[in-house]
Amino acid sequence: MLGEVANFVAYVFAPAVLVTPLGALSIIVSSVLAHFVLKERLNKLGVLGCISCIVGSVVVVLHAPEEHMPDSVEEIWDLATQPGFLAYAGTTLLLMAIVVVFIEPRYGQKNILIYLGICSSMGSLTVVSIKAVGVAIKLTLDGMNQLAYPHTWLFILVA
């Protein structure tokens, strides 16, 4: 729980393109702790998965583009209402509705990738809201109340 709180706080101070891959490293920590503390066996495929997470995170962090850090909830709202992002969000929501209604009932119990796809796709949308909520909290603590903006409440609802 403490790790997820730290992950949330990281979105306030660092670009999402850096925080998200590093958040995936919590999988490695959980796997190692389960192996040593709970005496669970980590097989070769699990070790390969952990190594893949580490390599992927390092590659993304090292090659992350320079990113402008939004300074207000209003700025994040302006970015989230750009036609490109709205098209992406609408397409993602439509595809996830199709997957949840038609594909998951038939193949969900047989293929873990169905659930992985649902979580990853929806997670890609919630990152924007988490970033906005973090910025809103930071600005409110700095004396600029962001709770007066309806956009803040919408981001909180989505998060």
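The values are calculated or read from the model by the stated rules, or taken from the named source; none is laboratory data. Everything quoted here is computed from the prediction, not taken from an experiment. Because the Cβ atoms are built from the backbone with ideal geometry, glycine has one as well, and the counts that use them run over all protein chains shown. To get the accessible areas, we keep the full protein, side chains included, count just its heavy atoms, and leave off ligands, DNA and RNA. Shrake-Rupley method; radii C 1.70, N 1.55, O 1.52, S 1.80 Å.
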Problem set entry | Per-peptide average of other Cβ atoms within 10 Å, ordering 112-119, 59-66, 147-154, 18-25 highest first | 18-25, 147-154, 112-119, 59-66
Seminar exercise, completed: Note to self, the chain gives a 222 nm [θ] from helices alone (DSSP H runs n ≥ 4, -39500 (n - 2.57) apiece, / all residues, nearest 500) of -23500 deg cm²/dmol
Problem set entry | Mean separation of Cα contacts under 8 Å (6+ apart) over length of the chain, as relative contact order % | 26 percent
Seminar exercise, completed: All alpha-carbon distances of region 74-118, grouped into 5 Å bins from 0, give the whole-percent distribution 5, 22, 20, 15, 12, 11, 9, 5, 1
Exercise. If you average over every viewing direction, what projected area does the convex hull of the Cα atoms of the chain give, in nm²?
Worked result: 11.6 nm²
Problem set entry | Loop trypsin sites (Lys or Arg not before Pro), region 1-58 (other Cβ atoms within 10 Å of the site Cβ: 14 or fewer; DSSP) | 39, 41
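Roughly speaking, to the nearest percent, how much of the chain's 1.4 Å accessible area is carbon and sulfur?
Whole-percent figure for carbon plus sulfur exposure: 73.
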Problem set entry | Amide N proximity, region 9-48 versus residue 79 label position 7 Å along Cα-to-Cβ, cut-off under 20 Å | 9-24
Exercise. Which helices count as membrane-span-like in the chain under these terms: full DSSP H, at least 20 Å along the axis by C-alpha, Kyte-Doolittle mean of 1.0 or more?
Worked result: 44-62, 83-98, 112-141
Exercise. Cα to Cα, under 23 Å, and not fewer than 8 places away if on the same chain: which lysines meet these conditions relative to residue 44?
Worked result: 110
Problem set entry | Per residue accessible area of region 17-159, 1.4 Å probe, in Å² | 68 Å²
Exercise. Which peptide among 75-85, 134-144 comes first, and what is the full order, when sorted by highest mean count of other Cβ atoms within 10 Å?
Worked result: 134-144, 75-85
Seminar exercise, completed: 1/(1 + (r/R0)^6) with r = Cβ-Cβ of residue 106 and residue 126, R0 = 25 Å, i.e. FRET efficiency to nearest 0.05, evaluates to 0.45
